[in-house]
Amino acid sequence: MPRDSRDPIARRVVAVCAPNAFKGTLSAQAAATAMARGVRDAGGEAMEIPVADGGDGTLDVLLDARGSDARITRHRVTGPTGKAVSARLGWLGPHQAVVELAEASGLRRADIDALDPLHATSRGTGELIRIALDAGARSVVVGVGGSACTDGGAGLLQALGAHLTDSQGHEIAPGGAGLEDIDTIDVSPVVRRLSQCSIEIACDIRSPLLGPSGAARMFAPQKGASHADVIRLERALTG
């Protein structure tokens with residue numbers, strides 16, 4: 001006989017499928033769809049809400065959430081190894097852009113068998129931000145996860161006009177190793193460029209620059225760094 005509607009067991013239950021991306025295998029949307037399919041196959045109801053943590057897939061999640069107002073433009077920028085790559089720039093509205101670092105400077109842009117943690121650069125991400133600014137962005141969300149580089153954002157700043165020079169007045173080389181040669185830093189061109197734009201950083205961690213939980217010691221091994229590389233990168237970031 002039918003259950004009383006006041007019976008808690010009879011209440012409608014919906015499974016919320018809200019996964020992040022499965023790195024290297026499934027996007028957040030694909031994972032949510034697979035989970036929801038399993039729930040429905042078992043006779044349940046499911047709601048698909050893919051999420052992101054600032055790394056791979058952040059751009060897609062934000063664009064999907066915005067719906068018809070969102071759009072994508074594609075641009076040739078500098079990849080983490082210096083070779084040009086085609087990267088997407090997202091727009092949530094006419095003046096609000098989304099830059100996913102992994103699109104231009106991510107591990108997925110590098111040959112897994114030829115990672116170069118000492119020289120990988122974030123320049124392409126800075127180029128995407130510059131393109132957004134040139135196109136009239138007044139607000140930029142930057143997802144910073146999934147990178148192939150440990151350069152302290154040096155390449156990104158250089159792409160926006162900063163001058164990071166050695167004792168001879170030359171711009172430093174790309175990557176974390178280039179930080180070893182810094183003598184002078186001039187970010188005034190960047191400050192001017194960003195004076196009319198807000199930058200929001202999307203990430204899921206609170207991590208210091210240096211130390212056991214810092215950029216080099218915690219994350220550089222994921223980007224192919226050996227123990228010796230980690231020590232060198234830590235020293236370079238220390239300045």
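Name the pairs: first residue in segment 208-228 and open to solvent by less than 60 Å² (accessible area, probe 1.4 Å), second residue among the acidic types (Asp, Glu), Cβ to Cβ under 8 Å, at least 6 apart or on different chains?
Gly214/Glu234; Ala216/Glu234; Ala220/Asp229; Gly224/Asp116
Which of (1) among the aliphatic types (A, V, I, L, M); (2) crowded, with 22+ Cβ neighbours inside 10 Å; (3) farther than 20 Å from Ala216 by Cα is the odd one out, the single condition Ala70 does not satisfy?
(2)
Can you pull out the residues in segment 130-143 that are open to solvent by 10 Å² or more (accessible area, probe 1.4 Å), free of Cβ contacts under 8 Å to residues at least 60 places away in the same chain and assigned to a helix (DSSP H, G or I)?
Ile131, Asp134
I'm trying to understand the selection: among the residues of segment 173-207, which are without any contact (Cβ under 8 Å) to a residue 60 or more places away in the chain and part of a helix (DSSP H, G or I)?
Ala177, Gly178, Glu180, Asp181, Ser188, Pro189, Val190, Val191, Arg192
What number of residues within segment 85-109 satisfy the criterion of being under 21 Å from Ala215 (Cβ atoms) and open to solvent by 20 Å² or more (accessible area, probe 1.4 Å)?
Step one: of segment 85-109, the residues under 21 Å from Ala215 (Cβ atoms) are 99-109.
Filter once more, keeping what is open to solvent by 20 Å² or more (accessible area, probe 1.4 Å): 107-109.
Count: 3.
Going by what's in this entry, would Thr73 be described as in a loop (DSSP other than H, G, I, E, B) and either acidic (Asp, Glu) or over 16 Å from the mean Cα position of the chain (by Cα) (or both)?
Working: in a loop (DSSP other than H, G, I, E, B): no; either acidic (Asp, Glu) or over 16 Å from the mean Cα position of the chain (by Cα) (or both): yes.
It is false that Thr73 is in a loop (DSSP other than H, G, I, E, B) and either acidic (Asp, Glu) or over 16 Å from the mean Cα position of the chain (by Cα) (or both).
Can Gly153 be described as at pLDDT 95 or above and either touching a Lys or Arg at 6+ places or on another chain (Cβ under 9 Å) or farther than 26 Å from Ser213 by Cα (or both)?
Answer is no for this residue.
Tell me yes or no: at least one residue of segment 88-111 is more than 17 Å from the chain's Cα centre (by Cα) and touching a residue at least 40 places away in the same chain (Cβ under 8 Å).
Checked against the condition, which is being more than 17 Å from the chain's Cα centre (by Cα) and touching a residue at least 40 places away in the same chain (Cβ under 8 Å), segment 88-111 yields at least one hit.
Taking Leu63, is it hydrophobic (A, V, I, L, M, F, W, C), surrounded by 16 or more Cβ atoms within 10 Å (Cβ to Cβ), farther than 30 Å from Ala216 by Cα and touching a residue at least 24 places away in the same chain (Cβ under 8 Å)?
Taking the combined requirement at face value, the residue satisfies it.
Return yes when Asp116 is modelled with pLDDT of 95 or more and under 18 Å from Val190 (Cβ atoms) and no when it is not. Walk me through it before giving the result.
On the way: modelled with pLDDT of 95 or more: yes; under 18 Å from Val190 (Cβ atoms): no.
No; evaluated as a whole, the condition is false for this residue.
When you go through Gly43, Gly55 one by one, which is the residue that is on the phi > 0 side of the Ramachandran plot, part of a loop (DSSP other than H, G, I, E, B) and modelled with pLDDT under 95?
The unique qualifying residue is Gly43.
Out of the residues in segment 204-220 that are out of contact with any helix residue (DSSP H, G or I) (no Cβ under 8 Å at 6 or more places or on another chain) and among the aliphatic types (A, V, I, L, M), which is modelled with the lowest pLDDT?
Ile205
The values are calculated or read from the model by the stated rules, or taken from the named source; none is laboratory data. Everything numeric in this text was worked out from a predicted model, so none of it was measured. We place every Cβ from the backbone using ideal geometry, glycine too, and count neighbours over all the protein chains shown. Ligands, DNA and RNA are stripped out before the accessible areas are found, and what is left, the full protein with its side chains, is counted by its heavy atoms. Shrake-Rupley method; radii C 1.70, N 1.55, O 1.52, S 1.80 Å.
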